[in-house]
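Q: Would you mind keeping the following structure in view while I ask a few things?
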Amino acid sequence: MKIRTSMQRLLVLFCGFLAVESTYAAVGAGVTLKISSLKVSPAPDAGVTTELKQGTKVTVVERKGFWYQVDSSGQKGWLKVTEVKLDSGESPTAGLAAFATGRGSTGNVVSASGSRGLSAEELTTAAPDETALAQVDAMKVNVDAALAFAKAGKLSPRQIAYLAAPTKPTNKNSKKKG
Amino acid sequence: MKNYYYPRAFSSKRLPFSLRLLSSVSIVAATLFFGGSHAVAQVPDLGGLSGLLGKKSQKTESPPQTDDSSKSGSDANPMLGILGAVADATKEESPEEELQVGRGVAVKMFGALKPLKNPKVQDYVGKVGMVVASQGERKDLPWRFVVTDSSSLNAFALPGGIIIITRGLFDLLETEDELAAVLGHEIAHVQRKHHFNVVKQQKLVGSMTSVVGSEIAKDNALIAGFVSRATEIMARGLDKSAEYEADRDGVVLAARAGYDSTAMFSVLEKLAAGVGSGKDAALLYSTHPSPAERISSLSQVITPEIEDAAGLSAAADRLKKTLNSKQK
């Protein structure tokens, strides 16, 4: 139909607006763990859009490295992942698929026709198979082969310390660095 | 002859009995003080302690169980029997026992999960696994990495270093970095002896009433008991804290090897998105905290070092290249 009246133009615009807005559908809900600075871009020295109080509800739109792009009541910006606690979600949320790229986001890649999954009972009651273990032994990779493989992949080893377990936040009103 | 005998790779020096007994008793006393049989999280760093002893004891390991003097004379005095059982249960230098248990569990699990008949994939996964395992404290274990032909989404870490990943989970992964993260998590379980420690704690509870027969019969029964319990633990899962710890350690191990430190996040996000059919993922979800909880827990402890390790490795697309290559 031809768009003649201004009302119709408005309708088209509105539909367009809706279409754009739907790409920001909730993908992962969470809350801020402490007072946080919503940044303009995912960098420590980026400008600050606004300060968020501890416990502010946010919607995670995207992740880049260790930064989340979030939507906080319409305000968009970036937070460090350290500052956000995702809603725990007992069942998997479809939302995070939006930024789990590639095959992960296109749904079921596993041929599931007639799939029964693997149950605890099957695991503990199946008849033992020693031949399979012998096959697995034959597949072993020695350290030299692994080193050569790492080199071929141009992997650069690094020194990194183990991470400590998280500690509970002490003072919810104190501003933490970062 | 033992079924799962490993040639001894270590010399026969060991710590004096009195020192081992003292450390074992104090470890168990602390364990019981802090939390009893559900103290996986609170177990006074047996993993760390083993790392400490392990660094030395990997080279200077104790001989097999049968000549262990802690068992002698235990029948005469019940108190000595209990102390002996305590020493048995918490002995650090029992890598052979750990291996035997792991291999026993493997034989049972392979009944339900068959190795995938694809040498190319098995070799590739084995290599990535060894690269990551080489970054940890137990790199000299007889590590084995195997993809099993199941559409379910699962990975298992067996005591002693057999790591199983299902084809369903492997199919989810898009980069070598993501594979490294998954394998790193499993390797971390073995490094910290998460499953083996739970098995040993249960043994402690049971040993108070066990009848002492011949040494060899006792050993075989012991191992069989461990294997049975360990298999149950594989099916039941560990404390949440052990899973969070394996996530943290796994990220570090993979990052040390040169892989992307955000890759574990990518994998967890895919799991959170519910890829794979419900039944395929049922066991995974029942044995682990939710992906969102794992992401949140991991997020809290990111250090500048880990941040610097963000970004795909040069080997990232080797996974797809390997799968697509004509080589059989």
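The values are calculated or read from the model by the stated rules, or taken from the named source; none is laboratory data. Fair warning: this is a prediction, and the values are worked out from it, not measured in the lab. A quick note on method: Cβ atoms are made from the backbone with ideal geometry, for glycine too, and the neighbour counts reach across all protein chains shown. Remember, those area values only see protein heavy atoms, side chains included, never the ligands or the DNA or RNA. Shrake-Rupley method; radii C 1.70, N 1.55, O 1.52, S 1.80 Å.
Q: Please give the net charge around residue A:68, taking every other residue with its beta carbon less than 15 angstrom from that of residue A:68, where Lys and Arg add +1 and Asp and Glu add -1.
A: So the surrounding residues net to +2.
Q: Something else about it: Let me cross-check residue B:177: its accessible surface, 1.4 Å probe, with only protein heavy atoms counted, in Å² to the nearest 10?
A: About 0 Å², ignoring ligands and nucleic acids.
Q: Moving on. Please list A:39, A:34 from largest to smallest accessible area, probe radius 1.4 Å, with all protein chains kept in place.
A: Working: A:39 25, A:34 45 Å².
From most accessible down to least: A:34, A:39.
Q: Just to confirm, what accessible area per residue do you get for segment B:127-186 at 1.4 Å probe, in whole Å²?
A: Accessible surface, normalised per residue, equals 16 Å².
Q: Order B:175, B:303, most accessible first, counting only protein heavy atoms with a 1.4 angstrom probe.
A: B:303, B:175
Q: Another question about this same structure. For a quick check of understanding: with a 1.4 angstrom probe and all protein chains in place, what accessible area in square angstrom does residue B:320 have, to the nearest ten?
A: The accessible area comes out at roughly 90 Å².
Q: Over all directions, the average projected area of the alpha-carbon convex hull for segment B:129-168 comes to how many nm²?
A: It is 2.8 nm².
Q: Let me check something: with ligands and nucleic acids excluded, how do A:85, B:108 order by accessible area (1.4 Å probe), largest to smallest?
A: Values: A:85 95, B:108 50 Å².
Greatest to least solvent exposure: A:85, B:108.
Q: List the accessible area buried at the contact between B and A, summed over both sides and calculated with a 1.4 Å probe, in Å² to the nearest 100. Please report the intermediate quantities before stating the final value.
A: Numbers: alone 15460 and 14710 Å², together 23400 Å².
Approximately 6800 Å² gets buried when B meets A.
Q: Taking the simple approach of a point 7 Å from Cα along Cα-to-Cβ for both residue A:148 and residue B:117, what is their distance in nm?
A: 2.8 nm
Q: Which residues belonging to segment B:155-181 lose at least 20 Å² of 1.4 Å-probe accessible area when the assembly is complete, relative to their chain isolated?
A: Buried by the other chains: B:171, B:172, B:174.
Q: Here are some pairs, A:34/B:127; A:85/B:127; A:151/B:270; B:114/B:326; B:127/B:218; A:80/B:270; which of them have Cα atoms lying more than 31 Å apart in this structure?
A: Details: A:34/B:127 42 Å; A:85/B:127 35 Å; A:151/B:270 29 Å; B:114/B:326 24 Å; B:127/B:218 38 Å; A:80/B:270 20 Å.
Violating the 31 Å Cα-Cα cut-off are A:34/B:127; A:85/B:127; B:127/B:218.
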